[in-house]
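The values are calculated or read from the model by the stated rules, or taken from the named source; none is laboratory data. Here the structure is a predicted model, which is why all the values come from computation and not from measurement. Cβ atoms come from the backbone with ideal geometry, glycine included; neighbour counts cover every protein chain shown. Accessible surface areas use protein heavy atoms only, side chains included; no ligands, DNA or RNA. Shrake-Rupley method; radii C 1.70, N 1.55, O 1.52, S 1.80 Å.
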Amino acid sequence: MAARDRHGLDAPWGDFRIVGSPKRKIDGLAKATGSAVYADDVVLPGMLHAKTLRSPLAHARIVSIDASAALALPGVHAVITGRDLPVKYGVIPWTQDENALAVDKVRFIGDPVAAVAAIDEDTANEALKRIHVEYEPLHAYLDPRESLARHEPAIHEGRKEGNVSKNVLLEFGPVDELIAKSDVIVEDDYTFHGTTHAAIEPHCAVAHASADGLLTVWSATQITHYVHRALARVLELPPHKIRVIQPCLGGAFGGKSDPFSLEFCVALLALRTGRPVKMLYTREEVFYCHRGRHPMQLHYRSGATKDGKLQGVDAKILIDGGSYSSFGLVTTYYAGQLLTGPYAFQSYRFDSTRVFTNKPPCGPKRGHGSVQPRFAFEVQLDQLAEKLALDPIEIRRRNFVGEHTTTVNGQRITSNGFLACLDEVERASGWKTRRGKLGYGRGLGVAGSMYISGTNYPVYPNKMPQAGIQLKVDRSGLVLAFTGGNDIGQGSNSVVQAIVAEELGLPLERVRVVAADTDLCPVDLGAYSSRVTFMVGNATIDACRKLRAQIVAAVAAHWQVDPRRVRLVEGEALDLEDGAKHMPIVEAFHLAEERFDTLGATGSYNTPELGGKYRGGTIGASPAYSFTAHVVEVSVDVETGRIRCEKVWIAHDCGRALNPMLVAGQMEGSAYMGIAEALLEEHTLNRYGLHRGPSLLDYKLPTSVDTPELAALIVESLDPEGPYGAKEAGEGPLHPSLPALSNAVYDAVGVRLKHLPFTPGKVLAALAEQTERVAPHPLATSTASAPGARGAH
């Protein structure tokens, strides 16, 4: 009997011709040959170039702005300030606290103050030097603990919470009671530092105002729909008078999931000057815009029974949000809500507080809000295992939350391949025969995680679909798929192409995808929370099956057979019971158009009702969760303190791998990013609030020489809610790499690293502290591979 999918139709699982096999990306050749068009490639006749004047102070009132000298410079066409764009915006409707240009005060070094449009960039930059701004300096908050304790002067006036951006305190079950009764308790502190996205392409936007009043904005964004809404709000224009287009994108990782100042500035300057306007950020400006990983100070207390079963987990988290809210409301919830798998908690409490500081604003970076708590907890789980003399993989197995179940905080789990992930990394790494036996200075570590496949939370409340697809059938046999989804390099347009080709029996070259154009495409909410493949994929199947039903009905009527006998496959319509009956798919399209009129179909997806019945219960609720396990192998040079990551085994439950090559690429890229954050990356400021090194020369990233060997081990659990059973693969595989690396260092040299990043200085300090506390590591005097006891922590 055929499997039934979420659309209520027979699912051709196990009988795919395109889905499930490796295919190159739909835009791969264009990018490889240099013909792909990015935002900075958009050049329009008469185009002006814009630049932004930024604050040199971390916190100050704006006393006055004099732009007269800039306006007098030949070649300057316009200067705008915050007075020209007074309406606040923000991606979350309840926390709109940003202006495109600062109005009354600046809140971090790099806060945009004014913008100039001129005939070229050199003229615009010269004009910036001629704008005189008088500031009244204010006390700058650079430590989140100070923001928590002190509220005058407030970073954002008029807030009853002072400098507290958001606090969430949720408790599930009798935490204190169960921890007190536990056989083993571990309580410790952990630190996660700030990091940024470092996408290759900087932010860029181009605006054009047509003679009939249509404003078109091309932007390097991953949220065309939200940018469209924000432009209408801030410019006070009817939404139908605005069109937003995302060209090819050179990476994002969450760093382009807010509306940004440049989009509003080019739009207003184009309207003011009557000419197209482009603004391209420098790399330094990208660092100021930031929206990167939130630094967090994390305190965890966990208790377990003597057989390793978790009884209670208690978390207190302080989050440094930087100067504006961005996605911070969600971050504060995610820091607690997304920890309750893949392990079963008998009780759980988290107290998460995000504060404002006078730093570049933090936001969503790959694995938004949950990478930091996952690091702390997975290290603490190893500490529990050590106290119980349990293998770290075994303690994770014993606490497996299960599948088709509900977590302690009310999240619905459907498919769950976490145990298979553990099995894969255990086998592939040789864990049983190699852990603890590699000699002093070399070790293995493990960690696991869970992540969302899209979210039940649509950012602004509405009951409309979260993803839509429109199909147009041409008489040539070509099918055009229109999607509002944002392909940011992860390959979501390739997934749409593959699904259409699979469902309609077409070769890939007969399917074209038009994406992320608010005039042409149905609404999609954007590329965040690992939602695109899951939600757009389901919407695509929905549209395809409506269209396929018409085509099959027309062919069946023509052949006078039961529609169940008709199959569309490999460019042909076939009668499954009569091999003599077949026709090219283009003829089938013609029959359907004759019978049903112009051919096309729409499809959509919305999540079912999910989450706990309490305030915030829907934040973190997802239609499906992915699961991941990593084993990391490291070598530690005890003379220099340098950690080298030798290899990462990445097992990821992605439901079904719609394109295994793309899934493996996402898994490897995620692990690469996690290892980079653990060992090299750090977004730091000096004591005045100035970024220490806003360039890719100073901000350390792994080169090919630094990158470990990466082994992608795909696990398929076939989720009933996902498209053909698929779940996410773009963010979840990042989480375990950092704690697994820390746990591997402990296996190697017996020191527990709990404060990121793991610099050589920190390693040497930990080794020195270990030497002071205990006798030298048992293997320190030998390179033999015989097992030995690990050092105390």
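Residue count for the range 104-120 under the criterion of being assigned to a loop (DSSP other than H, G, I, E, B) and either of a type in the set (D, E, K, R) or farther than 11 Å from Tyr288 by Cβ (or both): the result is 5. Under the condition of being of a type outside the set (Lys, Arg), under 30 Å from the mean Cα position of the chain (by Cα) and under 20 Å from Gly439 (Cβ atoms), the residues counted in the range 744-757 number 4.
Conditions tested, residue by residue: (1) within 25 Å of the chain's Cα centre (by Cα); (2) assigned to a loop (DSSP other than H, G, I, E, B); (3) at pLDDT 95 or above.
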position: Glu386; (1), (2), (3): no, no, yes
position: Ala389; (1), (2), (3): no, yes, yes
position: Arg396; (1), (2), (3): no, no, yes
position: Gly402; (1), (2), (3): no, yes, yes
position: Gly410; (1), (2), (3): yes, yes, yes
position: Ala420; (1), (2), (3): yes, no, yes
position: Tyr440; (1), (2), (3): no, yes, yes
position: Gly443; (1), (2), (3): no, no, yes
position: Val446; (1), (2), (3): yes, no, yes
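With the condition kept exactly as written, say whether any residue in the range 303-322 is in a loop (DSSP other than H, G, I, E, B), under 20 Å from Glu146 (Cβ atoms), of a type outside the set (Val, Ile, Thr) and open to solvent by less than 10 Å² (accessible area, probe 1.4 Å). Yes, the range 303-322 contains a residue that is in a loop (DSSP other than H, G, I, E, B), under 20 Å from Glu146 (Cβ atoms), of a type outside the set (Val, Ile, Thr) and open to solvent by less than 10 Å² (accessible area, probe 1.4 Å). In the range 127-140, the residue that is farthest from Thr357 (Cα to Cα) out of those that are in contact with a strand residue (DSSP E or B) (Cβ under 8 Å, 6 or more places away or on another chain) and surrounded by 14 or more Cβ atoms within 10 Å (Cβ to Cβ) is Ala127.
Among the numbered conditions (1) surrounded by fewer than 23 Cβ atoms within 10 Å (Cβ to Cβ); (2) in a helix (DSSP H, G or I), the only one that Thr191 does not meet is (2).
Within the range 448-465, which residues are in contact with a Pro (Cβ under 7 Å, 6 or more places away or on another chain) and either of a type in the set (A, V, I, L, M, F, W, C) or modelled with pLDDT of 95 or more (or both)? Gly448, Ser449, Met450, Ser453, listed by residue number.
Highlighted here are the helices (runs of 4 or more DSSP H) found entirely within the range 656-774 that include at least 1 residues which are in contact with a strand residue (DSSP E or B) (Cβ under 8 Å, 6 or more places away or on another chain) and among the acidic types (Asp, Glu): 660-679, 737-749. Filter the range 229-249 for residues that are over 16 Å from Ile92 (Cβ atoms), touching a Pro at 6+ places or on another chain (Cβ under 9 Å) and either buried (at least 24 other Cβ atoms within 10 Å of the Cβ) or outside the structural domain of Ala115 (by TED's automatic domain parsing) (or both) and give the result. Listed by number, the list holds a single entry, Leu231. Exactly one residue among Thr640, Thr618 is under 30 Å from Ala748 (Cα atoms), polar (S, T, N, Q) and either over 26 Å from the mean Cα position of the chain (by Cα) or crowded, with 18+ Cβ neighbours inside 10 Å (or both), and that residue is Thr640.
Go through the range 352-384 and give me each residue that's among the aliphatic types (A, V, I, L, M), buried (at least 24 other Cβ atoms within 10 Å of the Cβ) and over 20 Å from the mean Cα position of the chain (by Cα). Selection gives Val355, Val379, Leu381. Within the range 45-65, the set of residues being open to solvent by less than 30 Å² (accessible area, probe 1.4 Å) and of a type in the set (S, T, N, Q) comprises Thr52, Ser55. Among the residues of the range 468-478, just one is assigned to a strand (DSSP E or B) and either outside the structural domain of Val496 (by TED's automatic domain parsing) or of a type in the set (D, E, K, R) (or both), namely Lys472. Is there a residue being part of a loop (DSSP other than H, G, I, E, B), touching a helix residue (DSSP H, G or I) at 6+ places or on another chain (Cβ under 9 Å), of a type outside the set (A, V, I, L, M) and not assigned by TED's automatic domain parsing to the domain that holds Arg374 anywhere in the range 535-553? Scanning the range 535-553 turns up no residue that is part of a loop (DSSP other than H, G, I, E, B), touching a helix residue (DSSP H, G or I) at 6+ places or on another chain (Cβ under 9 Å), of a type outside the set (A, V, I, L, M) and not assigned by TED's automatic domain parsing to the domain that holds Arg374. Does Val715 meet the test of being within 22 Å of Ser449 (Cβ to Cβ) and within 24 Å of the chain's Cα centre (by Cα)? Yes. Would the range 584-591 turn up any residue that is in a strand (DSSP E or B) and touching a His at 6+ places or on another chain (Cβ under 7 Å)? Within the range 584-591 (the criterion being in a strand (DSSP E or B) and touching a His at 6+ places or on another chain (Cβ under 7 Å)), the answer is no, since none of the residues qualifies. With Arg692, Arg752 as the choices, which residue is in contact (Cβ under 8 Å) with a residue 40 or more places away in the chain and open to solvent by 20 Å² or more (accessible area, probe 1.4 Å)? Exactly one of Arg692, Arg752 is in contact (Cβ under 8 Å) with a residue 40 or more places away in the chain and open to solvent by 20 Å² or more (accessible area, probe 1.4 Å), namely Arg752. For the condition hydrophobic (A, V, I, L, M, F, W, C), open to solvent by 40 Å² or more (accessible area, probe 1.4 Å) and at pLDDT 95 or above, what is the one hit in Ala711, Ala765? Of the residues listed, the single one that is hydrophobic (A, V, I, L, M, F, W, C), open to solvent by 40 Å² or more (accessible area, probe 1.4 Å) and at pLDDT 95 or above is Ala765.
Please determine, by comparing only the residues of the range 28-56 that are of a type outside the set (Lys, Arg) and in a strand (DSSP E or B), which one is farthest from Ile245 (Cα to Cα). So, considering only residues that are of a type outside the set (Lys, Arg) and in a strand (DSSP E or B), the one farthest from Ile245 (Cα to Cα) is Leu53.
Pull up the range 6-36, narrow it to residues that are at pLDDT 60 or above and closer than 21 Å to Pro720 by Cα, then point me to the one that is farthest from the chain's Cα centre (by Cα). In this case the residue turns out to be Asp15.
This table checks each residue for (1) within 30 Å of Tyr89 (Cβ to Cβ); (2) surrounded by fewer than 18 Cβ atoms within 10 Å (Cβ to Cβ).
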site	(1), (2)
Thr455	yes, no
Pro458	yes, yes
Asn462	yes, yes
Leu471	no, no
Ile488	yes, no
Ser494	no, no
Ile499	no, no
Leu506	no, no
Asp517	yes, no
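Is at least one residue of the range 559-581 open to solvent by less than 20 Å² (accessible area, probe 1.4 Å) and either of a type in the set (S, T, N, Q) or assigned to a helix (DSSP H, G or I) (or both)? Looking through the range 559-581, none of the residues is open to solvent by less than 20 Å² (accessible area, probe 1.4 Å) and either of a type in the set (S, T, N, Q) or assigned to a helix (DSSP H, G or I) (or both).
Only one entry in Glu152, Glu171, Glu161, Glu157 is free of Cβ contacts under 8 Å to residues at least 60 places away in the same chain and surrounded by 14 or more Cβ atoms within 10 Å (Cβ to Cβ), namely Glu161.
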